[in-house]
Amino acid sequence: MAALFGPLSAPNPLGGKTLPKTSFLPLSLRPHRLPVASPARLPPITALASNQNNPLSPPSAVSSLSADASHRDDVRRSASAVLSNCLSETHLDRTVPGISSKTRGKVRDVYDAGDHLVLVTTDRQSAFDRVLASIPFKGQVLNETSLWWFNQTQHITPNAVVSAPDRNVTIAKKCSVFPVEFVVRGYVTGSTDTSLWTVYSKGARKYCGNVLPEGMVKNQRLTANILTPTTKAADHDVPVSPDEIIELGLMTQNEFDEVRSKALALFAYGQKVALENGLILVDTKYEFGKAADGTIMLIDEVHTPDSSRYWIANSYEERLNAGLEPENVDKEFLRLWFKEHCNPYEDEVLPEAPEDLVCELAWRYIFLFETITNSNFQLPDSKEPIHDRISRNVSRALSSL
């Protein structure tokens, strides 16, 4: 995402306005509590957990993912019904006046609109540096989750958000983006080539400037959160140490120190909020940009199930002790499925993700949104094509800027 932002044309990252705490939140994110069952009274998990050898299955068969079984089933049915109508591609450069160009990321379509960028979050699901599938409602979930966190973290850092004219869209100010992703980790886990567990299991005891102790097991908590930055390459992220970031001229020492402090503070705050809602924020990545006046701001996405790992808190210890994968509320179980059925890095053609897994992932993303924000996720109206709705809302928003 970093290469998609150009120089900022206005000094204030929020367009010269001081936004109230919920100024750019859609109505569906305004606080109203979704009832959640107490962890002590959770019913047994019903889907994808019948086999106790299944990494998704808790040994005690207790899961907050199925606390509201009827709601879960409704979401899965709704996801199944719209599988053929996911927002897999957008073309606002053809339908919205004032848009000059499009850049297609793995998940977001980013449009240049003069002083602003229009970021459309699609339903594309990426991992292993490629698109694996399209997940119903995913784009809306990611966009609205990020907007909630952007609002909640303004006391830690300013951000580039101007408005959210559509459930899948954020309009942001342009800025100069640091070519570094700030990955913060609290646990030794992961399945990708750059994940902490992958490199640790291969013998690495120093990673991105962090010294790691001997004898750790997969999914174990670190003694303290660590920063493991990566720098963008043509096809994948490359781990880099803080010293290398400065030596390569990617950031100045002062810039790095400020962003490092912001990233660790954001993660600690995210862990606190997650735990208050029965979740563990395991790791995440942040991107930062710099305004024309030198202000460093948070951009892209925040604490989404795409950019972060989340686990269910009340089953973590039991599953860790049993040698099982934690219950995750992100895309990790889809990653694991692909790793079991193909070589996702090298195979030219990948198998199609099973419908059951796709619908389950749609539910887990919505579950995370509702659990973190304490609000109900509003399913989109299926009568109007999503692209038509987005085009209309973005056109109206740009005309008023």
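The values are calculated or read from the model by the stated rules, or taken from the named source; none is laboratory data. Computed from a predicted structure; not experimentally measured. Virtual Cβ from ideal backbone geometry, glycine too; neighbours counted across all protein chains shown.
Quick notes on this one:
- Checking segment 346-358 against the condition returns a match, with at least one residue being touching a Phe, Trp or Tyr at 6+ places or on another chain (Cβ under 8 Å) and under 26 Å from Val169 (Cβ atoms).
- The strands (runs of 3 or more DSSP E) located wholly in segment 111-189 that include 1 or more residues which are farther than 23 Å from Lys262 by Cα occupy 116-121, 124-127, 130-134, 161-166, 169-173.
- Selection of segment 344-401 for residues being free of Cβ contacts under 8 Å to residues at least 60 places away in the same chain and β-branched (Val, Ile, Thr) yields only Val349.
- Restricting Ser126, Ser101 to residues that are over 28 Å from Pro344 (Cα atoms), of a type in the set (S, T, N, Q) and in contact with a strand residue (DSSP E or B) (Cβ under 9 Å, 6 or more places away or on another chain) narrows the list to Ser101.
- Residue check for Ala204: surrounded by fewer than 16 Cβ atoms within 10 Å (Cβ to Cβ) and assigned to a strand (DSSP E or B): no
- Contact map, segment 264-285: residues that are over 11 Å from Val302 (Cβ atoms) paired with residues that are among the basic types (Lys, Arg), Cβ distance under 6 Å, separation 6+ or inter-chain. Pairs shown: Val282/Arg309; Asp283/Arg185; Asp283/Arg309.
- Scanning segment 288-308 for residues that are crowded, with 21+ Cβ neighbours inside 10 Å and acidic (Asp, Glu) turns up Asp300, Glu301, Asp306.
- Among the residues of segment 83-97, those identified as assigned to a loop (DSSP other than H, G, I, E, B) and crowded, with 17+ Cβ neighbours inside 10 Å are Cys86, Leu87, Thr90, Val96.
- Of all residues in segment 349-368, those satisfying the criterion of being surrounded by 17 or more Cβ atoms within 10 Å (Cβ to Cβ) and either outside any helix (DSSP H, G or I) or β-branched (Val, Ile, Thr) (or both) are Ala353, Val358, Ile366.
- Hey, Glu340 modelled with pLDDT under 95, more than 18 Å from Val161 (Cα to Cα) and part of a loop (DSSP other than H, G, I, E, B) or not: no
- Taken over segment 100-110, residues that are under 17 Å from Ala164 (Cβ atoms) and either outside any loop (DSSP other than H, G, I, E, B) or more than 20 Å from the chain's Cα centre (by Cα) (or both) amount to 3.
- Condition check for Asp243: assigned to a loop (DSSP other than H, G, I, E, B), surrounded by fewer than 22 Cβ atoms within 10 Å (Cβ to Cβ) and either in contact (Cβ under 8 Å) with a residue 12 or more places away in the chain or on the phi < 0 side of the Ramachandran plot (or both): no
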